[in-house]
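In what follows, a single structure is set out as structure tokens and then discussed.
No value in this document is a laboratory result; all are computed from the given coordinates. As the structure is a prediction and not an experimental result, all values here were calculated from the model. With ideal geometry, Cβ positions are generated from the backbone for all residues, glycine too; neighbour counts draw on all protein chains shown.
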Amino acid sequence: SQNMERLLKKRQIRSQLVRECIAEFLGLYIIFGSGSAAQVITSKGTHGSYLTIQLGSIRYCFPLRTHDVCFLSGAHLNPVYSMTLCILGCHPWRKLPCYALSHLLGAFLGAATVYLQYYDAIQVFSGGQLSVAGPNATAGIFCSYPAEHLSFWGGLVDQVVTTAVFLLCCVALEDRRHGPLAEGLHPVLVGGLILTVGLSMGSNCGFPLNPARDLGPRLFTFIAGWGVEVFKAGGGWWWVPTVAPFVGGVLGTLTYELLIEAHHPDTSNEEQSPCQQLEAVELEELDLEEVVVDSGNNR
């Protein structure tokens with residue numbers, strides 16, 4: 001065990017930013033969402049339903065959001081959330097490109113893993129023809145496409161509104177001045193929020209909410225055999241779930257800040273804003289990490 005401990009210590013990554021990016025990558029890599037969609041689609045609904053896909057979509061809340069990812073990087077797991085924190089001054093802008101790239105890579109490799117796991121099922125279901133539309137379409141396993149009834153502008157509005165509501169609720173959950181949350185309850189509430197959004201706003205285009213979660217798998221399907229149609233389908237739909245969530249995220253966050261946050265009574269040290277709370281948590285985690293490292297070096 002001592003040899004293993006020494007080996008792990010030698011392989012320990014010293015850069016805090018790199019550790020954060022690895023944590024964010026792992027959080028987006030978790031494949032439960034696409035895996036549940038693959039199971040339902042390729043089995044023609046005999047092994048699951050729309051509800052099971054939504055349940056799979058809350059994948060990263062348990063247990064990663066509670067422990068490892070949250071401790072290392074704050075568990076953003078979405079470049080929209082990272083950007084809104086930067087706008088609010090809660091996260092450094094210099095980290096945003098690194099986080100976004102980690103999210104994109106994690107989602108890309110997660111899609112690749114699901115494809116390998118369900119390769120046989122996808123081939124049998126599609127008859128060997130990987131298609132974006134039609135009764136045997138399988139591209140929807142990995143990323144979102146608009147329903148037949150959805151117009152281009154309808155899809156744009158859908159994504160802006162859905163992401164705005166989601167981010168507004170996320171910021172509200174971070175605001176401890178409404179009352180303290182029991183330890184471990186935050187990820188449960190976030191998971192419930194994602195499930196609620198999926199069940200109430202998912203029929204138009206599958207509520208992507210996360211540009212990296214949509215673009216990463218879309219890039220994978222482009223190179224894995226589905227071809228350029230993944231970008232042409234729906235009248236060039238691909239950029240809507242890539243761009244619109246950023247607009248919705250900013251609107252949702254600013255709405256909360258202007259209508260709720262700005263009207264809180266003057267705060268004391270115990271009643272900090274979400275940004276102040278996040279900064280305090282990050283400082284505590286860094287201090288704890290330094291203590292752990294120092295104690296390890298003194299052994």
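Beta carbons within 10 angstrom, averaged per residue: use that to sort the peptides 161-174, 116-129, highest first. Present the calculation step by step, with values, prior to reporting the outcome.
On the way: 161-174: 21.5, 116-129: 14.0.
In decreasing order of mean packing, 161-174, 116-129 become 161-174, 116-129.
Compare the peptides 222-233, 17-28 by average per-residue count of other Cβ atoms within 10 angstrom and give them in order, highest first. It would help to have the intermediate numbers written out before the result.
Numbers: 222-233: 16.0, 17-28: 20.6.
The most tightly packed comes first, giving 17-28, 222-233.
Working out 0.36 nm times the residue gap between residue 94 and residue 44, then minus their Cα-Cα distance, what length gain in nm do you get to one decimal?
Values: separation 50, 0.36 × 50 = 18.00 nm, distance 4.52 nm.
Gain on extension, residue 94 to residue 44, equals 13.5 nm.
Grab the beta carbon distance between residue 17 and residue 172, set R0 = 25 Å, and tell me the FRET efficiency rounded to 0.05.
Working: r = 29 Å, r/R0 = 1.14.
That gives a FRET efficiency of 0.30.
At what distance in nm do the modelled label points of residue 120 and residue 203 sit from each other, each positioned 7 Å from its Cα along Cα→Cβ?
Result: 3.7 nm between the two label points.
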